[in-house]
Each structure stands twice: as C-alpha cells, then as structure tokens.
1. Taking the range A:191-229 on its own, how many of its residues are open to solvent by 40 Å² or more (accessible area, probe 1.4 Å), farther than 26 Å from A:Val171 by Cβ and part of a loop (DSSP other than H, G, I, E, B)?
2. If A:Lys280 satisfies every condition in (1) among the basic types (Lys, Arg); (2) within 14 Å of chain B (Cβ to nearest Cβ); (3) not in a loop (DSSP other than H, G, I, E, B) but one, which is the exception?
3. Please give the helices (runs of 4 or more DSSP H) falling wholly within the range B:1-110 in which 3 or more residues are buried (at least 17 other Cβ atoms within 10 Å of the Cβ) and modelled with pLDDT of 90 or more.
4. Taking only the range A:28-74 into account, find how many residues are β-branched (Val, Ile, Thr), surrounded by fewer than 19 Cβ atoms within 10 Å (Cβ to Cβ) and away from chain B (no Cβ under 13 Å).
5. For residues that are of a type in the set (A, V, I, L, M) and assigned to a helix (DSSP H, G or I), scanning just the range A:268-277, find the one that is farthest from the other protein chains (Cβ to nearest Cβ).
6. It is to be established whether one or more residues within the range A:17-27 are within 14 Å of chain B (Cβ to nearest Cβ), part of a helix (DSSP H, G or I), under 30 Å from B:Ala26 (Cβ atoms) and in contact (Cβ under 8 Å) with a residue 12 or more places away in the chain.
7. Within the range B:6-53, how many residues turn out to be within 8 Å of chain A (Cβ to nearest Cβ), over 40 Å from the mean Cα position of the chain (by Cα) and hydrophobic (A, V, I, L, M, F, W, C)?
8. Would you check if there is a residue in the range A:290-302 being in a helix (DSSP H, G or I), more than 23 Å from A:Leu164 (Cβ to Cβ) and among the hydrophobic types (A, V, I, L, M, F, W, C)?
Amino acid sequence: MTDILAGVLVMLVRMAVVLAVVFGLAAYMILLERKLLGRFQVRYGPNRVGPFGLLQPIADGLKMLLKEDIIPDGVDRRIFLVAPAIVAGAALFAFAVVPFGPTFTLFGKRITQVVTDTDVGLLVIFGLSSLAVYGVALGGWTSDNKYSLLGGIRGAAQMISYELALGLSLVPVAMMARSLNLTAIVDAQATLPFALTQPLAFAIFVISALAETNRIPFDLPEAENELQAGYHTEYSGMRFALFFVGEYVNMILLGSITAVFFLGGWHGPVLPPIVWLAVKVLAVPVFLIWTRASLPRLRYDQLMAVGWKCLVPLGLLNILVTGAILTAGL
Amino acid sequence: MDEKKDTPGLVREFLDGAAGIAGSYAATLTHLFRKPITEQYPDYKRPMPPRARGRIILTRSPDGKERCVACYLCSGVCPVNCISMQSEEGPDGRRRAAWFRINFARCIYCGLCEEACPTLAIQLTPEFAFCKDAIEDFVYEKEDLLVTHGGKDPDYDFYAHAGVAAGAPKGEHLGEDEPVDVKSILP
C-alpha cells in the first residue's frame, strides 16, 4: 500500500515539476524570442514591464485572458473550440517520455527522472507530433475562411512530408542505441553524442523538426503576407494564445528531443547533469530564433521539393550506410 | 557538352546555397552585437529643431504687450479653419483680439498662420506631444495660447516699426522721418 502511495506521490511530483517548468519556460521563451529578435534587428525588445521587461509574459497572459473570445458565425463550434487545445496538448503530452536526468536511488527505491519510462518513447513522440497537425488542420478547416483553410491544408501537407524525413533521421539513432527507450538512447551517447557520429541524420533532423514546429523558414501555414495569419486567422483571446503556447512548448520539446537524440542529453564534463541538459535544451530554441531572424520563407513548391527530393532520399541512404557499417561489425 | 558547362554541378550548387545561408546567419549575428539604435522616447526626448512645427502660441513684444492685432490673416489663411477670433480696440488704442481660439483637434500644423502673421504674434513651437482624454480639451482659448515671451524673435516690436500712432507718437518710430507738413510742400 505504501509502495503504491509513494509511487503515486513521486508520479504527481514529477508531473507537477515538468508542467511548471515547461509552462514557465514557454512563457519566458516568448520574451526571449522578442528580446533576441529585437537585438538581431538592432533594437531593444520589450523592456517596459518590470526590470528588463521580465514581467512582460505576465502582462501578455493577462491581456490574452481578458480579451474578448470571438467565435465567428459559420464555424463548426465544437471542433473550433477544441483545435487549439490539440496543438498545445500534443506538445505537452510528449514531455511525458522525455528524460531529464540519470536514474538515481532514494530510500532504496529506483527513481527515474522521467514521467513515464516507456520502452517505446521514440514512437510515442512520433505519434504525438503527428497528432499536433490535427489542431492546425482542423482549426484552419472549421474557421470557415479560405485563408485559414489554405493554411490548414498547407500545415497538413507540410507535416506529412516532413514527418517522414524526421522518422528516417531517427532510425540510425535507434539502430546505434539498439533501443527506442529515450533514457537508453541518452546513455548510448555517454562518450560521444550522435550529432558527431551521425552528422547527416542530425542535419536532416534539425531541418525537418524546424518544419514540424511551423517556424520560419517553414511557417507556410501562417504565412502572414499571403494568408493573413493562416490557420489561426479567426481565433482571438486565450484560444489564439493557446496556439502560441503550443508553438513555444513545441520549441522546448524540440530542444529536449534534440538534446536527447543527438546532443547527449545530460552527459557532459564538469558541470552537473541538469545544467548540461538545460544548456542543450535552450540552445535549440535560440538557434530557431536566430534562424527566424536570418532566413526568408520558402515557397510552397520549394518546401515540397526539399522534403521529398532531398531529405527523404538522404535519410534512406543514411540508414543503409549506418546499417552496413553496423553489420560490418563495429 | 556546352550546356553542361552553364549549369553548375550539384556539389557547386550545394556549396553556393550553404554559403548563402551561412552568410545570412553571419549578418544577423553581427547585428546582435551592435548597440540598438532605438531612442527610448519617454525617457529620452530627441531635441527638436527650433523651427519644428508643433503647438501654436501667441507671443508678446519686448514691452510685454500682446503682439496680436487681430487682423484675421491667420484665420483667413488657415486651410482647416481652426483659428477664430474677434477684434476690438484696447484702452491704449491698440487693436487686439477680444477672444482668440484655436481648435487643435483640427489643426494640421502646416505653419501657414505663422507665415501670414504680420506682427510675428502667432508662432509654432516644437512641442508636439500634448494628448488629451476629451476632444473638447483641444480647443485652446486666448489665455491658454498667450505666453510671456517673444518666441523665436524676442526683440521684435511691431509697433516700433508700424508707423501707427498707437505704439509711439508719429515720427518717433525706428527709422521714421518726421511727418511732413503737407501745406509746406504746396507749389
């Protein structure tokens, strides 16, 4: 009985910590993005609310909560209301399988620093990242607006194309780690991160993950200058904000899984594991923001060409080469 | 064979593309370490040029009297009809405005009134930030417009040059000859 109680308690604590950290990070990721983008454009970002604008996320959140939530005539109400939650929810669920540190022992019990230590973690992440597209596609479709619809369709097409490349880029990782368990994958990189042993897979992964998060240069679903705001044109207030919470949670998720799959997770010299993980997790969103400041948006046909004609064949080739080397006896 | 020379090879194309992308990353990176050029407005107010066109004032001559002689030229030239007034004669015999009103909600700050004014009374100041909660508050009366100084040309005194007896007796204005007795120049 006490065993079950302790287990539930540990589980609850882990979920609370992960949720709090992820939401806090997502809020401040918005501030970080606005600040960094500002500096990239030789201006200050928000700096009026609190010292250095540190209270800006709270002000933004309050504003979003107090705004009128407009639901246009002609939308399919139920789906319209649920769509933003799908985007944010799918991103949040994926954190259940992301490990945040090595397994340690407390009071004679083995405690893993992951909400669910499942053996198919990689597949769970794939499943959830494919689910997120339903929020975008359904939100665009039910808005009863041609620009939203176009955004939603683009989102769906883009996700399908890049999901494939994303999957192919992770197959060599699973092959080298000989496991789909995320903790095991991290432990397989104790000496050398996969970013160095699998540079091609790493490049494919970063590009297609960029496309999965719908960010510049792959932000076609919300292309402002063609589609107003794409799939979230008709959303307002907190529902609109939920799409963005989803996007920023996704950025952190992307940072976490990049750290886990390619950067060696919490492994690193000198510094404690959690610091290494934080550095690696935050490096990816900073790179994404840098990318947003640097690159223009791809054209739709270019996007498709890069996905199908370049990333997918390269990914397949990479799997073949990795398999050949592994079977050759390394 | 010749066609192949024109189209760059795959490797070359890849390298060119990678160099292009790396170049844009490098460009943004150098900007990251520059000092922002933003002027943080309420904390730092850029010094405006003295002839910048903002809120309108009515100035006074060096002797402290109103310059405005209520000639209606500013009101006449105003393209949006935001200036209105009523003229009267003061106790010292000088013309002045009984009331003078500018509706700043309509004013377009074109400066034509300042150009039209023969006495340099109406002038535009560089002050541009005077927001109001209610639109009625933009109607400025004469007491709101009158200032205690001479504005851009503090030493100018219209009545010292005017040749009108209201300022100084005849023949005592700056650079003015004695009045000629017309009967003395009869043939």
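1. Total satisfying the criteria: 1.
2. (2)
3. Working: elements: B:2-6, B:10-32, B:73-77.
Once the helices (runs of 4 or more DSSP H) in the range B:1-110 are filtered for at least 3 residues that are buried (at least 17 other Cβ atoms within 10 Å of the Cβ) and modelled with pLDDT of 90 or more, what remains is B:73-77.
4. Within the range A:28-74, the first condition is being β-branched (Val, Ile, Thr), and the residues that meet it are A:30, A:42, A:49, A:58, A:70-71.
Within this subset, residues satisfying the condition of being surrounded by fewer than 19 Cβ atoms within 10 Å (Cβ to Cβ) are A:42, A:49, A:58, A:70-71.
Checking the rest, the ones that are also away from chain B (no Cβ under 13 Å) come to A:49, A:58, A:70-71.
Count: 4.
5. In the first step, residues of the range A:268-277 are kept if they are of a type in the set (A, V, I, L, M); the result is A:270-271, A:274-275, A:277.
If we keep only those that are assigned to a helix (DSSP H, G or I) too, we end up with A:274-275, A:277.
Working: A:Ile274: 27, A:Val275: 24, A:Leu277: 25 Å.
Among residues in the range A:268-277 that are of a type in the set (A, V, I, L, M) and assigned to a helix (DSSP H, G or I), the one farthest from the other protein chains (Cβ to nearest Cβ) is A:Ile274.
6. Step one: list which residues in the range A:17-27 are within 14 Å of chain B (Cβ to nearest Cβ), which gives none.
Looking through the range A:17-27, none of the residues is within 14 Å of chain B (Cβ to nearest Cβ), part of a helix (DSSP H, G or I), under 30 Å from B:Ala26 (Cβ atoms) and in contact (Cβ under 8 Å) with a residue 12 or more places away in the chain.
7. So the count comes out to 3.
8. So the first thing to find is which residues in the range A:290-302 are in a helix (DSSP H, G or I), and the list is A:290-294, A:300-302.
Subset that is more than 23 Å from A:Leu164 (Cβ to Cβ): A:290, A:292-294.
When the remaining residues are screened for being among the hydrophobic types (A, V, I, L, M, F, W, C), the result is A:290, A:293.
Yes: one or more hits.
The values are calculated or read from the model by the stated rules, or taken from the named source; none is laboratory data. It should be emphasised that the depicted structure is a prediction, and the values quoted were computed from it without experimental measurement. Reconstructed Cβ throughout: ideal geometry from the backbone, glycine too, with neighbour counts over all protein chains shown. For the accessible areas, the whole protein counts, side chains as well, though only heavy atoms, and no ligand, DNA or RNA atoms are used. Shrake-Rupley method; radii C 1.70, N 1.55, O 1.52, S 1.80 Å.
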